[in-house]
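This report refers to the structure that appears directly beneath it.
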Amino acid sequence: MEKNQYLDMFIEESKEHLQSMNDHLLKLENNPKDSLLISEIFRSAHTLKGMAATMGYEDLASLTHQMENVLDSIRNGTVTVSSQMMDVVFESVDHLEAMVTDIENSGDGKRNVISTVQKLEKIEQGTFINEVAATVEVMKEEESDHTYNNQLPPFDDFELTVLSQSREQGFQAYYINVCLREDCILKAARVYMVFEVVEKIGEVIKSQPTVEQLEEENFELEFSITLLTKDSANEVEAKILKVSEIDSVNIITIDVDQLSNHDKNETAKDNISEVDSLENNITSDLNPVEPTSEKNNKVQQGGSLNKTIRVNIERLDSLMNLFEEIVIDRGRLEKISQDLKNNDLTETVEHMTRISGDLQNIILNMRMVPVEQVFNRFPRMVRGLAKELNKKINLEIIGADTELDRTVIDEIGDPLVHLLRNSIDHGIEKPDVRKRNNKNEEGKVTLKAYHSGNHVFIEVSDDGAGIYREKVLQKAIKNGVISKEQSDSLTDKQVYELLFSSGLSTADKISDISGRGVGLDVVKNKIESLGGSVTVDSERNKGTIFSIQLPLTLSIISVMLVELQDEIYAIPLSSIIETAIIKESEIMAAHNQRVIDFRGSVVPIIDLSTLFKVPKVREADEYHSIVIVRKGDQIAALVVDSFIGQQEIVLKALGNYLSSVFAISGATILGNGQVALIVDCNSLFK
C-alpha cells in the first residue's frame, strides 16, 4: 500500500481521536463511574490502533493496544479510576501525540515508551498501587544512596549500551551542567558555542532540555549534556569556560555500573512523588467499579447527520485569493457603471454585486471554524498546571462554538496559552490562602468567546487575587516605563495597561509556568498584528479579566473612503464611531494639543494630512470633516478633507520592505485602479 496517499488523512483523523480521548478522559476523572465515557474513549483508542497498524506504525499501535487493555479493565470493573492511574493514561496520550507529530514531520513515529507500557501493564494487573506502596520504605531507606544518581538524567537501554561500550573503548562519560550568566542576551548562541567546543573533543549523546528546545531558547539559564570523551574533567571544564557569558560548569563523572543498577528501579522511582497520596487510596483503588447511575448516563453521544468533506486549507486560500480579485473588479465595474450611466450595464452590475455578495458570505463561512478547535486543548493543560502548582482549578469554557476565520484561529492559540498560564500562576491563590480569605479552595478560570458586531471577543478571567497596583507601578518606574511623577496621576485601568509594556513582569520568582520577564507585550503584539486589541481590568481579591477583540476575517473589510488633498485613504468601519463636520472656531487648545468637545468629552484632533505628509494642493476652508475613532476607552478625531463613502475592500499587505510604515496596515485597489492606503487607527493612540 502507498502510505503517502493516505498519510494526511491518517494524521488529521489521529489528531481528532487524540483530542476526543483527552476531552473524555478529563470528564472521566470527574465521573469515574460513567460507562458511556469509557466507551467513547475505548472507541477512539480502538480506531486509532487500527489506523496505526494499517499504516505500519507499530509503536503507536502497540501503546494504544495497551491503553485499550486498561480501559477494558475499567469497563469490566477490575480497576477503579483514580488520579494516579489517570496520570499514567495521560502520559500515554502525550506519547501518542508526540508520535503523531513526529509522523507529521516526516519521522517514523518511533518512541521509547517502555516505562509507560510497564505502568499500564501493572494497572491492568491491579499491581500498580501495591507495587508503589511496597517500594515506599525501600526508597526512603536508600534515599541517601541515590544522591549521585538523582543528579543524573534517566538513560534508556540504547544510551546505557552506548555508555557501556564507550567505556570499553577507553572513553569516559561525563554529565556536564552549564549555567549561563543572568545578563546573557543570546542564550541559543552560547549553547551553540558550548556544543561546538565539546563536539571537538568527544560526542554528545544526550542533552536536557532537548536540542530543539535549546535552539528555541525554551529553557532558563541552565542546561546539561552527557559527553563521551578521552579528555579529563578539568580539561573539559577549562575549554567550556572559554565561552563567554558562562557563570559556572559542574562536571560529574558517570559510573556506568552504578547507573545500570539504579535504572532497574527507575519505574518505581517515577511514582515515588505520588506515594503519600497513594497510601490513602490503595484499598479503594483495588475495589471493583460500582454500577453506573442513570444520572451519569446522560452523555451526549456522537454521530451527526451532517454530510461533510475534508478540504485542504490551501485550496480555500486559493479560492479566497481569486474572489478578492473579483471584489476588486466588481468595484471597477461599479465605477464604470456610474460614469457611463447605462441602464442595462447598471442593472447587470447590481445583479453581479448581489450574487458576489452571496458568494462572499459562502466563502467566508467556509473559512470560519469554531474556536473550540483551540479551546479543546486547554482543559488538559490546566489540569497539568494545577497539579504542578498544587492548586485547585476549575476551568469553565463558554461559547466554544463561536466561529472565527481559520487564519485567526491558527494564530490565537499561543496568546491564550500565555494568558491562561498567567491567570493560574499569578492570579489564583493557593488553596490555604483562598481559605483564609473566605474563598472556595477551588479557583475558577473562565474562558469565554462571543460575537459582537463584526468582531469576536475572547475573555480570560479568574477569581484570584487581582493585580497589585503598587507592585505594577514600582516595576514600571524601575524599568523606566513611566516616571514617578506620571505614576501619581494614573487611574487603576491605566496602571493595569502598563503590564503590556515590553519586559515588564511582576513575578517575584522566575518559573517554567510564567514570569520569565517577557511580560504580556508578546500577547499584545500578536493580537494587534491580527487587527485586534487586548485590554485588562482587575479588582483586588476579586479577580482579573483579559479581553481580546478580534476581527471576524482578515482579508475583506468594510471601510470609509476619505480624501486627503488628492490622495485617498481607507479607515476601517470597525474603528469608527461616527463622522461629523465642525467649524474652525469649535477647535480649542489644551496642553499644546488641538481638541474638540465631543458629547461632553475632550477629544484630541489628529490632522491626517499633516501626519502622513500629504502634498498640499489646496488650502483648508472654515469647515473640517472629521472621523471619530475609538481604541478601547480612548477616542480621537481624525481630520480629513472630505468623505467619499463606505465600501468593501480587499486588504493587501505592503510587503516586507514597507512592514514598518507608521499607522498604515495595508493597501487596496479601488474601482478606478487607484491604490488607497488603509489607516491603522490603533497605532494613532499612545
**Asked** Is there a residue being closer than 17 Å to residue 107 by Cβ, out of contact with any Cys (no Cβ under 9 Å at 6 or more places or on another chain) and in a loop (DSSP other than H, G, I, E, B) anywhere in the stretch 59-79?
**Response** no
**Prompt:** Restricting the stretch 350-394 to residues that are within 30 Å of residue 425 (Cα to Cα) and of a type in the set (S, T, N, Q), which is surrounded by the fewest Cβ atoms within 10 Å (Cβ to Cβ)?
**Reply:** 390
**Item:** Selection from the stretch 311-350 of residues that are touching a strand residue (DSSP E or B) at 6+ places or on another chain (Cβ under 7 Å) and charged (D, E, K, R)
**Value:** 324
**Asked** In the stretch 182-213, which residue that is in a loop (DSSP other than H, G, I, E, B) and surrounded by fewer than 14 Cβ atoms within 10 Å (Cβ to Cβ) is farthest from the chain's Cα centre (by Cα)?
**Response** 200
**Message:** Could you list, ordered by first residue, the pairs with Cβ atoms under 8 Å in which the first is in the stretch 427-438 and touching a residue at least 40 places away in the same chain (Cβ under 8 Å) and the second is among the basic types (Lys, Arg), at least 6 apart or interchain?
**Reply:** 430/391; 431/391; 431/392
**Message:** So the check is Cβ under 9 Å with 6+ separation or different chains; which pairs have a first residue in the stretch 234-246 that's in the same structural domain as residue 198 (by TED's automatic domain parsing) and a second one that's hydroxyl-bearing (Ser, Thr, Tyr) and surrounded by 12 or more Cβ atoms within 10 Å (Cβ to Cβ)?
**Reply:** 235/229; 236/174; 236/229; 241/248
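Residue under question is residue 476, and the condition is that it be assigned by TED's automatic domain parsing to the domain that holds residue 536, within 20 Å of residue 525 (Cα to Cα), buried (at least 20 other Cβ atoms within 10 Å of the Cβ) and of a type in the set (Gly, Ala, Ser); does it hold?
Numbers: assigned by TED's automatic domain parsing to the domain that holds residue 536: yes; within 20 Å of residue 525 (Cα to Cα): yes; buried (at least 20 other Cβ atoms within 10 Å of the Cβ): yes; of a type in the set (Gly, Ala, Ser): yes.
Criteria met by residue 476.
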**Asked** Restricting attention to the stretch 222-235, and to residues there that are of a type outside the set (Ser, Thr, Tyr) and surrounded by 14 or more Cβ atoms within 10 Å (Cβ to Cβ), which single residue is farthest from the chain's Cα centre (by Cα)?
**Response** 231
**Complete:** Taking first residues from the stretch 33-57 that are assigned by TED's automatic domain parsing to the domain that holds residue 81 and second residues anywhere that are buried (at least 20 other Cβ atoms within 10 Å of the Cβ) and outside any helix (DSSP H, G or I), the pairs with Cβ under 7 Å that are 6 or more apart or on different chains are 57/109
**Message:** Can you say whether residue 38 is under 24 Å from residue 384 (Cα atoms) and in a helix (DSSP H, G or I), as far as the supplied structure shows?
**Reply:** yes
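I need the full set of residues from the stretch 598-626 which are within 42 Å of the chain's Cα centre (by Cα), of a type outside the set (A, V, I, L, M) and part of a strand (DSSP E or B), in order please.
Within the stretch 598-626, the subset within 42 Å of the chain's Cα centre (by Cα) is 598-614, 626.
From what is left, the residues that are of a type outside the set (A, V, I, L, M) are 598-601, 604, 607, 609-610, 612-613.
Listed by number, the residues that qualify are 598, 601, 604, 607.
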**Prompt:** If residue 672 satisfies every condition in (1) closer than 16 Å to residue 574 by Cβ; (2) surrounded by fewer than 18 Cβ atoms within 10 Å (Cβ to Cβ); (3) in contact with a helix residue (DSSP H, G or I) (Cβ under 6 Å, 6 or more places away or on another chain) but one, which is the exception?
**Reply:** (1)
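Check whether at least one residue in the stretch 266-278 is among the small types (Gly, Ala, Ser), outside any loop (DSSP other than H, G, I, E, B), surrounded by 13 or more Cβ atoms within 10 Å (Cβ to Cβ) and modelled with pLDDT under 75, and report yes or no. Outline the logic, then answer.
From the stretch 266-278, those among the small types (Gly, Ala, Ser) are 268, 273, 277; that's our starting set.
If we keep only those that are outside any loop (DSSP other than H, G, I, E, B) as well, we get 268, 273, 277.
Keeping just the survivors that are surrounded by 13 or more Cβ atoms within 10 Å (Cβ to Cβ) gives 268.
With modelled with pLDDT under 75 added as a condition, the list becomes 268.
For the stretch 266-278, residues among the small types (Gly, Ala, Ser), outside any loop (DSSP other than H, G, I, E, B), surrounded by 13 or more Cβ atoms within 10 Å (Cβ to Cβ) and modelled with pLDDT under 75: present.
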**Request:** Could you tell me whether the stretch 549-556 includes any residue that is part of a strand (DSSP E or B), at pLDDT 90 or above and within 30 Å of residue 491 (Cα to Cα)?
**Result:** no
**Request:** Tell me the strands (runs of 3 or more DSSP E) entirely within the stretch 627-669 that contain at least 2 residues that are surrounded by fewer than 17 Cβ atoms within 10 Å (Cβ to Cβ).
**Result:** 642-650
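Is it true that some residue in the stretch 642-661 is within 13 Å of residue 612 (Cβ to Cβ) and of a type outside the set (Val, Ile, Thr)? Lay out the reasoning, then the answer.
Let us first name the residues in the stretch 642-661 that are within 13 Å of residue 612 (Cβ to Cβ), namely 661.
Among the residues that remain, those that are also of a type outside the set (Val, Ile, Thr) are: none.
No, there is no match, as no residue in the stretch 642-661 is within 13 Å of residue 612 (Cβ to Cβ) and of a type outside the set (Val, Ile, Thr).
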**Request:** Could you please tell me which pairs satisfy a Cβ distance under 7 Å, a separation of 6+ or placement on different chains, a first residue in the stretch 529-541 that is in contact (Cβ under 8 Å) with a residue 40 or more places away in the chain and on the phi < 0 side of the Ramachandran plot, and a second residue that is part of a loop (DSSP other than H, G, I, E, B) and aliphatic (A, V, I, L, M)?
**Result:** 530/554; 538/467
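Out of all the residues in the stretch 557-597, which are in a helix (DSSP H, G or I) and either of a type in the set (Asp, Glu) or exposed (fewer than 15 other Cβ atoms within 10 Å of the Cβ) (or both)?
First, pick out the residues of the stretch 557-597 that are in a helix (DSSP H, G or I): 573-575, 584-586.
Result: 584, 585, 586.
The values are calculated or read from the model by the stated rules, or taken from the named source; none is laboratory data. What you see is a predicted model; the values in this text were computed from it and never measured. Cβ atoms come from the backbone with ideal geometry, glycine included; neighbour counts cover every protein chain shown.
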